[in-house]
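Read the figures in this text as sums done on the coordinates, not as results from a lab. Please read all numbers here as calculations on a predicted model, not as lab measurements. A quick note on method: Cβ atoms are made from the backbone with ideal geometry, for glycine too, and the neighbour counts reach across all protein chains shown.
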């Protein structure tokens, strides 16, 4: 019957509710007369007029107040307040008429009693309608605890009354004063009793309703939930809630940052936007993970024009469409110029810089996936080394003030072509800055004996970026969704991790701090074992790891072996004693490099080997250029 009523057309539902209210008005009038006269009542004389007056007054007031626009099964406190106001207005009109008319046989107190009874009847009908139509949750397999008994938790609980897929079992809160209290009849418990509570209530999901708590506290809570076989989700942050982009009912998978194990590094706002306002800024690799985040943050700093350069048509379209939508919403006023180009094509890049004259260039275009570059070494070197060389040459030629290279921790004592190629790219910037002669065979004017690099060249080196293309986090999520197994290369493999936002902020701040030839790196805390990340993601999905000790677990973890060129442990620094900067978590490294005259000579055979796709010659050239690189000269296959 419930389904049949819910399937009625809207007009039929309104007619039913109007008829219900008219009947309630008549019954309320009869009860008011009966209570006033202290006996069952039958109307006579002018009393019939009062019976007709009740519905005649009530219906227009209720329509005007919007009582018939509400949906019964979504009725809440706001709808009940509106009902109260409408009945109060109706009661005032009725009482005023009875006081003025002074009809014989009509007690004036009926003008007070009848609205009170009507309010109880109309309010009860709405509440009963909500209770009956909303019904109980259809799927009680999702039994939920809300961690956080503050305003966000209470709002979520109220919204969940209409979310039939969850059954709210209770609240958790760190405040000992709230333990034992209730919110709308739901008990608040201390998280100290969490394991027993989960087992006793058969909880399957825990929602973190803590939009304003610190990242460190969230991480502590997530760790405490790691041993329980429950799925952990989170509410959006306060900024998203305030902007209206999401609501308290938008349960999300845990933020990637929640898996980081440390507080995100906050930027220095003075550094973040230093010198970008009013500039022409160029970002290569603008459609990639790092490049697109760079663009999102750059437009907020007020540049005059942002040149989006990428060789992927779809990636370029996606980032341009996103930023253009933000511009249309008034978030920024930056002119956006999407440019299809490859950094290995110097003529196209030169044409772009000749036309737009960028003040700052952020070079994020690179091939970064280790096994893919290992199997396509020639293309990797052409893009990573000579694409960078092209960008530096053109930046110098057209007078860019800043040039920032996005590098990687894999450039430190590399074991793969990708890392070695990025280290050569770093050396290109270091050598050109340190050179006392102009690069690229420029002729010195007569009388000039020294040369100062007109563009501040700098590099930013960081570890794995959570959520980027090729990151293990999206891979593990897909594998968990399909039932596993989760693939880990080695039980002891560890990596430094940072968020995409941290990486982009580091790049922008480095550009502001650069003096020329600087190599910046982030203090990223301790490295994290990939195996620990996999286990944590399984646990926080409400599942268990299947292994020899737990053969009945849900998700298996398989070790596939280190891939070609892959290291067990990554490093950020080649030398020792990095120097401090104005940012407490950013360090400046000064590392050895080949002088430009030697590097320029060594790049020629490397380029020839890359163009010929001669992998053995290419790796021999890299080994001469990069200290510590010991290539496997056996050709690798995808």
- Query: Distances over 38 Å make up what percent of all Cα-Cα pairs in region 277-625?
  - Reply: 18 percent
- So if we plug the beta-carbon distance of residue 151 and residue 193 into 1/(1 + (r/R0)^6) with R0 = 22 Å, what FRET efficiency do we get, rounded to 0.05? 0.40
- Item | Ordering of 416-422, 386-392, 337-343 by packing [mean C-beta count within 10 Å, highest first] | 416-422, 386-392, 337-343
- Message: Could you give the length gained by full extension between residue 18 and residue 314, i.e. 0.36 nm per residue of separation minus their alpha carbon distance, to one decimal place?
- Response: 101.1 nm
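Shape of region 355-424 from its Cα gyration tensor (a ≥ b ≥ c, root eigenvalues): rounded if a/c is under 1.5, otherwise prolate when a/b > b/c, or oblate?
On the way: a/c = 2.88, a/b = 2.16, b/c = 1.33.
The shape class here is prolate.
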- Query: Any number yet on Rg/Rh for region 280-392, C-alpha, Kirkwood?
  - Reply: 0.99
